[in-house]
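Below is one structure; the comments refer to it alone.
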Amino acid sequence: MTFDEAFAALPLVAILRGIRTDEAEPVVAALVEAGFRLIEVPLNSPDPFATIAGLVRRFGEAALFGAGTVLTPAEAQAVAATGAGLVVSPNTDPAVIRATKAAGLASLPGAATPTEAFAALAAGADGVKLFPAEGLPPEVLKAWRAVLPPGTRLLPVGGIDPARMAPYRAAGADGFGLGSALYKPGMTARDVGTRAEAFVATWRGGVGA
């Protein structure tokens, strides 16, 4: 599944920070069942490369997998070796973006200013995550939208729950990255599935759109 296909199906990125390899499959099965097609395992999780590689083998036809908290070109290359298709970073580092694109993966770097967003796009990013969204309210996204190139994918990340989605969508958000409101270490697959269904229902209900 390509990034464009996954994004078109559901532009919500599940961030599974802290997930263990032995608990990943049932959690991801619940996410896929709920409709998620973009799933990220941050590199500050236990044994992230093994987790990602296993998820690609098990669910690779159903969703696009990637790594988050990717900070160096070498890490981007290591993500590519797992068979993943997505690299997410908390910051804008053109070297990481270029390495990601050279490896054939989609790039979603974080940005907190228009300057960083423009630099990310110039380096080849496929979208920009507004991070941390707690400090970047919908009014900021709307202002970015007015100056960034048409079609730029903007995804607020940080502190997003279903109730916070509507104002960002009204301001022009194209999707969201979902962290602890969706998954925390130790949660059961059933609990994650319930939360996932709530996010999907809110998105597909067109709240604020």
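The values are calculated or read from the model by the stated rules, or taken from the named source; none is laboratory data. All values reported here derive from a predicted model rather than from experimental measurement. Here Cβ is always computed from backbone atoms with ideal geometry, including for glycine, and neighbour counts include all displayed protein chains. Remember, those area values only see protein heavy atoms, side chains included, never the ligands or the DNA or RNA. Shrake-Rupley method; radii C 1.70, N 1.55, O 1.52, S 1.80 Å.
Any idea which of A119, L55, G68 is furthest toward the positive side of the dipole for the chain, if Lys and Arg beta-carbons carry +1 and Asp and Glu beta-carbons -1?
A119
Give me the distance between the Cα centres of the range 24-46 and the range 128-206, rounded to whole Å.
Taking the Cα centre of each part, the range 24-46 and the range 128-206 sit 16 Å apart.
Rolling a 1.4 Å sphere over the protein heavy atoms, what is the accessible area per residue of the chain, to the nearest Å²?
On the way: 8480 Å² over 209 residues.
Accessible area per residue, the chain: 41 Å².
With a point put 7 Å past each Cα toward its Cβ, work out how far T2 is from A29 in nm, to one decimal.
Between T2 and A29, the label points sit 3.1 nm apart.
May I ask for the net charge around A103, where only other residues with Cβ less than 14 Å from the Cβ of A103 are counted and Lys, Arg are +1 while Asp, Glu are -1? It would help to have the intermediate numbers written out before the result.
Values: positive: R98, K101; negative: E75, D126.
Here the charged neighbours net out to 0.
When the helix-only estimate is applied to the chain (DSSP H runs of n ≥ 4, each -39,500 (n - 2.57), divided by the residue count), what is the mean residue ellipticity at 222 nm, nearest 500 deg cm²/dmol? Don't skip to the answer; put the middle values down first.
On the way: 9 runs with 97 residues, N = 209.
It lands at -14000 deg cm²/dmol.
Expected output is a single nm value to one decimal: the length gained when fully extending between E61 and K142, i.e. 0.36 nm times separation in residues minus the C-alpha distance. What is it?
Details: separation 81, 0.36 × 81 = 29.16 nm, distance 3.49 nm.
Extending this stretch completely gives an extra 25.7 nm.
Determine, for each peptide in 169-177, 147-155, the mean count of other beta carbons within 10 angstrom over its residues, then list the peptides with the highest first.
Numbers: 169-177: 21.3, 147-155: 14.8.
Going by the mean number of other Cβ atoms within 10 Å, highest first, we get 169-177, 147-155.
So if each residue of separation counts as 0.36 nm, and I subtract the Cα-Cα distance between Q77 and D47, what length gain in nm does that give? It would help to have the intermediate numbers written out before the result.
Details: separation 30, 0.36 × 30 = 10.80 nm, distance 1.61 nm.
Full extension of this stretch gives 9.2 nm more.
Report the charge-dipole magnitude of the range 50-122 in Debye, nearest 20, computed about the Cα centre from +1 at each Lys and Arg Cβ and -1 at each Asp and Glu Cβ. Please list the in-between numbers first.
On the way: 4 positive and 4 negative charges, 38 e Å.
So the magnitude is around 180 debye.
So what does the Cα-only Debye profile of the chain read at q = 0.13, 0.18 Å⁻¹, as log10 I(q)/I(0), no solvent term?
One equal scatterer on each Cα of the chain leads to -0.63, -1.27.
Ignoring ligands, DNA and RNA, what percent of the 1.4 Å accessible area of the chain is carbon and sulfur? Before the final figure, lay out the partial values.
On the way: 4700 of 8480 Å².
It is 55 percent, rounded to a whole number.
Report the residues of the range 1-37 in range of a label on K184: point 7 Å along Cα→C-beta, backbone N strictly under 17 Å from it.
Taking a point 7 Å out along Cα→Cβ of K184, the residues of the range 1-37 whose backbone N falls under 17 Å are 15-20.
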